[in-house]
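The values are calculated or read from the model by the stated rules, or taken from the named source; none is laboratory data. In this text the structure is predicted, and so the values were computed from the model without any measurement. Please note: Cβ atoms are built from the backbone with ideal geometry, for glycine as well, and neighbour counts cover all protein chains shown.
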Amino acid sequence: MIQYNLRKPFHQPSFSNAYSFHKTLPNYQPTPLHNLGSLANNLGLQAVSVKDESQRFDLNAFKILGASWAVAVSLAEYYDLPLAEINYDELRRCRSKSQLTFVTATDGNHGRGVARAAAWFNHQAVVYLPDGASEQRVLAVQKEGARADVLDMNYDQAVRHAHEMAEKHNWILLQDTAFKGYKKIPQLIMEGYETIIYELKEQMAKPPTHIILQAGVGSFAAAMIRGFAKCFDCRPQIIIVEPQQAACYYHSSLQQDNQPHAVEGPLDTIMAGLACGEPSVIAFEIINKQARAFFSVDDEIARRGMRILASPLNGDAAVVSGESGAVGIGLLHQLCTNEQYQSLRAELKLNKEASVLCISTEGATDSASYNSIVSA
C-alpha cells in the first residue's frame, strides 16, 4: 500500500561540496551506476538507473561521505588549517596526541561512517543506536574501534541523548539532523553527500527526468536535490519516499503550512535507516520547496524493491540493496505496474519518455534480514 501527496517544484540554488576531499581518501572510487534497460522496458519507461552505494569504500553504505567531510572540517578548525587545504594526508600529519571524541546517534550506517572517519585521524567515537538495532550493525560499528551502545529509545530520542552526552562530556556531536541551535554539522554532512551527484555528473550521458529519493530526517534527499541543482541545468521531478510509520515529510506536506511536523508513536519499519520521526530543519526547507510528490509506503514496497534488484531481468546487473536502499525501486515498480495508479502515473509523466534515477543507499547491512527477504 502507498499513500501520496503531489506538490509543485521550485528551483533550489547551488551550494559547495566536498568532492575533492573525498578523492584523497584511501581506496576512493566512484560507486557504479547501473542502467537497467530490461527493467525500464518492462515498466514502460525510457530508462531506469540505479547508483549502487553498497560499494562505497568497504562500508556498504553512502554515509561515510557526510561523516568524513564533517570530521575533516571539524579537525581543520581544531588544527587551524585553511579549508582549501583539507585532504587526507594533511589531516593525518596533524594528528594530535590528545584525542577528540565524536558522538552520534544512528541506525548503524552513519555511526559506522563516523567511527571510520574518527579512526582515520586517531580520534575516538561514541555511537548510540536505537532500540531494536541489529547485532550485525552494532558489531560493524565496534569493528571500526568505536564504542557502540544500544539504548532503550527510538531514533529521535537517541539523537537527544547524544546531544546531552556531547554537552556533558565536551564531545563533538556529529549528527545529520539539524535542530534549533545545531545546523553547522548537518550542513557539512549534506555537503559530503553531494559527492554522489558529482560522480553522477561524470557517469550519466544525460540527466534523468525523475529522481526517487528516500527520506529519513531528510539530509540525504536534500543533499541530492541541492547537488543536482548545482551540477545540472534541468529540473527533474523529485519524488520523496518514506516508511509509513515514520513518514514525517509526507505528513508535513499534508498540513500545507510549510512547516516541519514530527510523527508520533513507534517508528516500526524494516527500513531502519529511514525510521526517523522528526525532519531536519535544514533539509525540510530544501525538500519542501523542490519535491513534486511525497509517498508513504509500507514495508512490502521495500521488500519488492530488494527482490527486483537481487533477481534482475535479462541483461540487467544484479544489485545487492538493503531495505532502505531498495524502496525507491519498489515504489517505481508499484506505480508502473498497478493499474490503481494509472492516473497518478500520468500526472507524474512516468511514460516512455521518462528516465528515472534511484539511489540504492545501502547494501545488505543486516544479512540475515536481507537473505530472508530476497529468498522468500
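The table for this structure:
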quantity	calculated
Among the candidates SER311, SER367, residue that is surrounded by fewer than 18 Cβ atoms within 10 Å (Cβ to Cβ) and modelled with pLDDT under 95	SER367
ALA61 vs. criteria in contact with a Pro (Cβ under 8 Å, 6 or more places away or on another chain), crowded, with 19+ Cβ neighbours inside 10 Å, among the aliphatic types (A, V, I, L, M) and modelled with pLDDT of 95 or more	no
Residues (crowded, with 22+ Cβ neighbours inside 10 Å and closer than 13 Å to PHE284 by Cβ) located in segment 243-258	CYS248, TYR249, TYR250, SER252, SER253
Evaluation of LYS352 against (1) surrounded by fewer than 23 Cβ atoms within 10 Å (Cβ to Cβ); (2) in contact with a strand residue (DSSP E or B) (Cβ under 6 Å, 6 or more places away or on another chain) (one fails), failing number	(2)
Boolean, GLU285 is of a type in the set (Asp, Glu), part of a loop (DSSP other than H, G, I, E, B) and either more than 26 Å from TYR370 (Cα to Cα) or assigned by TED's automatic domain parsing to the domain that holds GLU323 (or both)	no
Some residue of segment 153-171 being surrounded by fewer than 18 Cβ atoms within 10 Å (Cβ to Cβ) and not in a helix (DSSP H, G or I)	yes
Residues of segment 50-91 satisfying the condition of being in contact with a Gly (Cβ under 9 Å, 6 or more places away or on another chain) and small (Gly, Ala, Ser)	SER54, ALA61, GLY66, ALA67, SER68, ALA70, ALA72
Near pairs, Cβ below 7 angstrom, 6+ apart or cross-chain, from segment 348-376 (more than 18 Å from LEU59 (Cα to Cα)) to any residue that is among the small types (Gly, Ala, Ser) and assigned to a loop (DSSP other than H, G, I, E, B)	ASN351/GLY44; LYS352/GLY44
Residue list for segment 102-125, restricted to those being within 17 Å of HIS169 (Cβ to Cβ) and surrounded by fewer than 24 Cβ atoms within 10 Å (Cβ to Cβ)	HIS123, GLN124
PRO279 being modelled with pLDDT under 95 and either assigned to a loop (DSSP other than H, G, I, E, B) or among the hydroxyl-bearing types (Ser, Thr, Tyr) (or both)	no
Among (1) assigned to a helix (DSSP H, G or I); (2) of a type in the set (S, T, N, Q); (3) surrounded by fewer than 24 Cβ atoms within 10 Å (Cβ to Cβ) - the single one GLN99 does not satisfy	(1)
GLU53 vs. criteria under 30 Å from LEU348 (Cα atoms) and among the charged types (D, E, K, R)	yes
Residue satisfying all of: in segment 209-229; assigned to a helix (DSSP H, G or I) and touching a Ser or Thr at 6+ places or on another chain (Cβ under 9 Å); surrounded by the fewest Cβ atoms within 10 Å (Cβ to Cβ) among these	ALA229
Qualifying residues in segment 84-133 (those that are under 26 Å from the mean Cα position of the chain (by Cα) and of a type in the set (D, E, K, R)) - the one farthest from ALA67 (Cα to Cα)	ASP131
Any chance VAL73 is under 20 Å from GLY227 (Cβ atoms), of a type in the set (Val, Ile, Thr) and crowded, with 24+ Cβ neighbours inside 10 Å	no
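Each row is one residue, and each column tells you yes or no for (1) within 22 Å of ALA61 (Cα to Cα); (2) touching a Phe, Trp or Tyr at 6+ places or on another chain (Cβ under 6 Å).
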site: ASN154; (1), (2): yes, no
site: GLN187; (1), (2): yes, no
site: GLY192; (1), (2): yes, yes
site: THR195; (1), (2): yes, yes
site: ARG235; (1), (2): no, no
